[in-house]
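The values are calculated or read from the model by the stated rules, or taken from the named source; none is laboratory data. Since this is a predicted model, take the numbers as computed values, not measurements. Neighbour counts run over all protein chains shown; Cβ positions are idealised from the backbone, glycine included. For accessibility, only protein heavy atoms count, side chains too; no ligands or nucleic acids. Shrake-Rupley method; radii C 1.70, N 1.55, O 1.52, S 1.80 Å.
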Amino acid sequence: MSYRLPDPVPGGFCAEAWSYTAELQRAIVHHPFNTALADGSLPRDRFAFYIVQDSRYLFGFAQALAAAASRADEPGDAAFLAGSAHGALAEERKLHAGYIEQLGLTEDEMAGVQTSPTCLAYTSYLRATALSEPYPVLVAALLPCFWVYQHVGSTILESTGTTAGHPYGRWIATYADEEFANAVLGARELTDRLAAGTDENTRRRMLTAFVRCSEYEWLFWNSAWETETWPTAAWLPEPHD
């Protein structure tokens, strides 16, 4: 069963941010990587590349979540963010481990895949935001990874109707289920609350961070579709991670 999220609260930050990025969000759902994932035709090598990159991305994402938890003003917010950091490292990595086994990837094969320019850029942006931006801006930067994935997963499940027998069914089910939808609602509520309590300049910086990370979400799937490499690699004696 797919869980379609309710619309954001009218007039809140999330409503503004989602409306501002509406065309980009449609482009993400309709990216060739996601349309091929949806119909099961996504080539093994592209999904394997994605899984390796996403495993590395999640470490940086979890670090940024942990940084946000340490800066939270309310115990409940700290618990939510810390729990999300744990989930990124535990639950989603469990999903990755299942696909790594299914795809027959060895540790040596995974280690031999360079971290893509996009993966490094996205994680570096999150880490830089955690170090240099106010707490509300960091939370806004983290929101797209919750919300965009849930939107993609639930939209795909609505189109397929079921994950039974689907080669990427576990991935779809993870991001389309009720538990993840509730996490997205929690992230949205926190972001709206922080935006409502801050000044206009910080709110503008929140929107900038949300937009940039939504752009990185598109770029991340695009990099997997293209199995992105470093164009400078030909001039170096050996690969560097």
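Tabulated values for the structure
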quantity: Using θ = phi - 60° and Karplus 6.51 cos²θ - 1.76 cosθ + 1.60, couplings along region 222-236 (whole Hz; Gly, Pro as x); calculated: 5, 5, 6, 4, 8, 6, 4, 10, 7, x, 8, 4, 5, 9, 10
quantity: Ordering of 23-33, 48-58 by packing [mean C-beta count within 10 Å, highest first]; calculated: 48-58, 23-33
quantity: Using a Förster distance of 45 Å, the FRET efficiency for TYR20-ALA234 (Cβ separation, nearest 0.05); calculated: 0.70
quantity: Accessible-area composition of region 90-241, carbon plus sulfur, in percent [1.4 Å probe]; calculated: 54
quantity: Mean separation of Cα contacts under 8 Å, 6 or more apart, over the residue count of the chain: relative contact order %; calculated: 35
quantity: At 1.567 mPa s and 4 °C, Stokes D of region 106-189 from Kirkwood alpha-carbon radius, µm² per second; calculated: 86
quantity: P(r) of the chain over all Cα-Cα pairs, binned every 5 Å from zero, in whole percent; calculated: 1, 6, 14, 18, 20, 17, 12, 7, 3, 1, 0, 0
quantity: Karplus 3J(HN,Hα) series, Hz, for region 20-26 with 6.51 cos²θ - 1.76 cosθ + 1.60 (x for Gly, Pro); calculated: 5, 9, 4, 5, 5, 4, 5
quantity: GLN102-ARG204 FRET efficiency (beta carbon distance; Förster radius 51 Å; 0.05 resolution); calculated: 0.70
quantity: Extension gain from ASP7 to GLU226, taking 0.36 nm per residue of separation minus the Cα-Cα distance; calculated: 75.5 nm
quantity: Solvent-accessible area per residue for the chain (1.4 angstrom probe, square angstrom); calculated: 47
quantity: Alpha-carbon Debye profile of region 1-114, log10 I(q)/I(0) at 0.11, 0.14, 0.16 Å⁻¹; calculated: -0.55, -0.87, -1.07
quantity: Relative contact order (%) - region 117-241, alpha-carbon pairs under 8 angstrom, separation at least six; calculated: 38
quantity: Test item: Cα-centred dipole of region 93-196, Lys/Arg +1 and Asp/Glu -1 on Cβ, debye; calculated: 200
